[in-house]
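Where a number appears in this text, it was derived from the coordinates with a stated rule and is not lab data. Just so we're clear, the structure is a prediction, and the values are computed from it rather than from any experiment. Neighbour counts run over all protein chains shown; Cβ positions are idealised from the backbone, glycine included.
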Amino acid sequence: MSRIRRSWLSLLILLVLVALCAAIWSLRPYPSDPAAASAMRGGNGITVMDTATWIVFEGGERYEPSLIFYPGARVKAECYAPLARLLAGKGHRVFIARMPFNLPLLDVEKANQLIEQFPEESFIIGGHSLGGTMAARFASEYPDRVEGVFLLGAYPDRRSDLSESELPVLSLLGSRDGVVDRERFEQGKKYLPPDTVYMSIEGGNHAQFGSYGRQKGDNSPLISPEEQWQQTAAALEQWLLNEMFQTAYDGF
């Protein structure tokens, strides 16, 4: 092999290694913070089961529906432990999905594992950021397998069109969210049912739906993470109660 060809080969290998390192760096997950680690511990009436595919939170009393939660891109499942713990305390079993490489796009149909394992149980599905979009995509493909959809700092796209479905939808957005593209958020409303419930968490931002610190591009919040989790859990619970009441009323 000539010296020139060896030089080009060495350069090519170097470029491949640089590209590989950049790809690995870009896929680094956001680390969970101490609040998430604390919430992962059982106690005070909450049990936590951590497996290779799901983290499950459950309280003493249990009410349906159970919640299936898809994390945001590059966000570890543990980062949503504080919110899941609050919801479990309200009686709902919460399943947080562990996604391949922490990317919900890689396993959109993961919810089918639970639905097939618990065929008599009712579920709603939702998620944060890209996880919310993928949860909506699952619901658009399998509208008969879930009872509703919740979106936290998220919006649907053309492939997650729910506009013709009869599923109830809750969309929560922090007023200080600097990650969500507001124009796309507004455009995404055409893919949601007309009776979608939209709520804003005043002072909340994007990252504080989870527990992983600051996120690039996000705005500084005006409320604490604990307050955003509390408001999110309360909004979800009220929405669920309203929908269950409406379902029961429609049955008469």
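Side notes on the structure shown:
- DSSP bridge orientation in the chain - percent antiparallel, rounded to nearest 5: 30
- Structure-based [θ]222 nm, the chain - -39500 (n - 2.57) summed over DSSP H runs of at least 4, per residue, nearest 500: -11500 deg cm²/dmol
- Within the chain, the longest run free of exposed loop sites, counting GluC sites (Glu not before Pro) that sit outside DSSP helix and strand states (H, G, I, E, B) and have at most 15 other Cβ atoms within 10 Å, spans 1-60.
- Extension gain from Ser200 to Leu105, taking 0.36 nm per residue of separation minus the Cα-Cα distance: 31.6 nm
- C-alpha center-to-center spacing [the stretch 176-212, the stretch 125-151] in angstrom: 15
- FRET efficiency for the pair Asp161 and Glu116, taken as 1/(1 + (r/R0)^6) with r the Cβ-Cβ distance and R0 = 22 Å, rounds to 0.35.
- The Rg/Rh ratio for the stretch 31-250, using Cα coordinates for both the radius of gyration and the Kirkwood hydrodynamic radius, is 0.93.
- The chain: DSSP helices with Cα axial extent of at least 24 Å and average Kyte-Doolittle hydropathy no lower than -1.0: 3-26, 225-250
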